[in-house]
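For reference, the structure discussed in these notes is given below.
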Amino acid sequence: MGACQSFREMCDREKNTNVRLSLPAVCIVWQTAMIILFGVFIRFQDVHVMIFVGFGFLMTFLKRYSFGGVGFNFLIAAFGLQWALLMQGWFHWLGPDGKIRIGVENLINADFCVAGCLIAYGALLGKVSPVQLMVLTLFGITLFAVEEFIILSVIHARDAGGSMVIHTFGGYYGLSISWMLYRPNLHQSSRLQGSVYHSDVFAMIGTLFLWMFWPSFNSAICDHGDGQHRAAINTYLCLASTVLTTVAISSLFQKHGKLDMVHIQNSTLAGGVAAGTAAEFMLMPYGCLIVGFCCGIISTLGYIFLTPFMEKRLKIQDTCGIHNLHAMPGVVGGIVGAITAASASVEVYGHKGLENTFDFKGKFEDMVPTRQGGHQAAGLCVALCFGIGGGIIVGAILRLPIWGDPADDNCFDDETYWEVPEEEESIPTILQYNNHVQNKDM
């Protein structure tokens, strides 16, 4: 802790948010690198594009940071997709001719890879520069590709919806970076840290998009047929159960039983996160409802109690509450996956079903469900280690005073990095128009 404190003090100096040279330089250099690497390694077969609208709009809840929420989300996704195709291609799809041939499934996997970085961004929303986000994405994609390869290929864990490789990794990666970038005087920007009515409405659009999209997200790379159908159904049931539980807990712990929009925007999605690992397993309908019920409680109580505790005691400032939406439900999903895998049987799945669901083929053809459960638990441990360890290292890099991050009294404000229309000019214009209409009617 003493070394970390000394490092923080060494890096703390007057902030300079002018990124006129550094941001264009990073974007142009890295895009040029992507063009060269794509020319050397990538060959197209088919294309399918998935856009992170849900993640972007979910981050628009801050009253003065909607541009940054959507715009920087767009930047991370655009760069991350390209780097993910290369990183995952080198690990999984490199052909004998040294070329990477990509199709629809490759692009979906690249989207999954980027999702981990978008999750990490949620913990840092409003407190970092776009240059820092590009660096976070570069290292995050690299760490994800290595972690994913170890979990899925070396350990042979199953994680169709990414509770471990995406949400657990992304959540603790972002939280560890946030710990390294702790701002003791962040209260100086507290006036902008809240939401207003219209910003919460926009964030709710992101919630609804993600809620509807999550079954497809969890089932996208499952085996076509029974596995994919199970994944979609299991996820829907988990999500539905989470919504009712979140509403109940939010009302119970709020004064006069009123609902908190933060809980509705975020905790209602926690069931989809937890359903990821066991999505294609025989979780059973009642099991899905139990998982969703538990996640609704854990996530909502996390926003009420854990988030303030983490900021005050652990020095982790989590803007979007990713610990409650992604990190904890991701760990729950990993545990549920391990238990469900260990309890699988021929009577429930059939011989062919076990082989297809858990990929008991090749060198793993002698694997038994109980042992597979142990491999699932090992995969969760790897995700935690990569998320926390990688986040601390990347956080130390981002702590360096060269990235143009905002001062403590200038966070959560779009004007730092965006040209923002003057509100004072737009309001009189609307009033003048209304008066003109009223006078015309008279």
**Q.** Enumeration of residues in segment 241-273 that are part of a helix (DSSP H, G or I) and farther than 19 Å from L58 by Cα
**A.** S241, L244, T245, A248, I249, S251, L252, F253, K255, H256, G257
Q.
For segment 167-199, give me the residue count where each residue is in contact with a Phe, Trp or Tyr (Cβ under 8 Å, 6 or more places away or on another chain) and at pLDDT below 95.
A. 5
Q: Return yes or no: is G379 in a helix (DSSP H, G or I), in contact (Cβ under 8 Å) with a residue 12 or more places away in the chain, surrounded by fewer than 18 Cβ atoms within 10 Å (Cβ to Cβ) and of a type in the set (G, A, S)?
A: no
(Q) When you check H229 against the structure, is it closer than 30 Å to N356 by Cβ, free of Cβ contacts under 8 Å to residues at least 24 places away in the same chain and part of a helix (DSSP H, G or I), yes or no? (A) yes
Q: Spot the failing condition for I35; the list is (1) at pLDDT below 90; (2) touching a helix residue (DSSP H, G or I) at 6+ places or on another chain (Cβ under 7 Å), and only one is missed.
A: (2)
Q | Those residues of segment 55-79 which are among the polar types (S, T, N, Q) and within 20 Å of V26 (Cα to Cα), in sequence order | A | N73
Q: Within segment 182-200, identify whether any single residue is in contact with a Gly (Cβ under 7 Å, 6 or more places away or on another chain) and either open to solvent by 40 Å² or more (accessible area, probe 1.4 Å) or part of a helix (DSSP H, G or I) (or both), and answer yes or no.
A: no
Q: Hey, can you tell me all the residues within segment 251-267 that are open to solvent by less than 10 Å² (accessible area, probe 1.4 Å) and polar (S, T, N, Q)?
A: Q265, S267
**Q.** Residue that is modelled with the lowest pLDDT [pool: residues in segment 46-101 that are open to solvent by 50 Å² or more (accessible area, probe 1.4 Å) and among the aromatic types (F, W, Y)]
**A.** W93
**Q.** Criterion: part of a helix (DSSP H, G or I) and at pLDDT 95 or above - qualifying residue of V128, V135
**A.** V135
Q) On the given criteria, is Y182 free of Cβ contacts under 8 Å to residues at least 40 places away in the same chain and among the aromatic types (F, W, Y)? A) no
Q) Looking at G395, is it in contact with a Phe, Trp or Tyr (Cβ under 6 Å, 6 or more places away or on another chain), within 30 Å of V19 (Cα to Cα) and in a helix (DSSP H, G or I)? A) no
Q: Could you identify the single residue in G404, G373, G337, G362 that is in contact (Cβ under 8 Å) with a residue 60 or more places away in the chain and either over 21 Å from the mean Cα position of the chain (by Cα) or closer than 30 Å to G194 by Cα (or both)?
A: G404
Q.
When you scan segment 107-125, do you find a residue that is without any contact (Cβ under 8 Å) to a residue 60 or more places away in the chain, out of contact with any Gly (no Cβ under 6 Å at 6 or more places or on another chain) and over 23 Å from W403 (Cα atoms), even just one?
A. yes
Q: Return yes or no: is A248 over 28 Å from E148 (Cβ atoms) and either open to solvent by less than 70 Å² (accessible area, probe 1.4 Å) or out of contact with any helix residue (DSSP H, G or I) (no Cβ under 8 Å at 6 or more places or on another chain) (or both)?
A: yes
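The values are calculated or read from the model by the stated rules, or taken from the named source; none is laboratory data. Owing to the predicted nature of the structure, the values given are computational and were not obtained by experimental measurement. Using ideal geometry, Cβ is built from the backbone for each residue, glycine included, and neighbour counts are taken over all protein chains shown. In case anyone asks, the SASA skips ligands and DNA or RNA and just uses the protein heavy atoms, side chains included. Shrake-Rupley method; radii C 1.70, N 1.55, O 1.52, S 1.80 Å.
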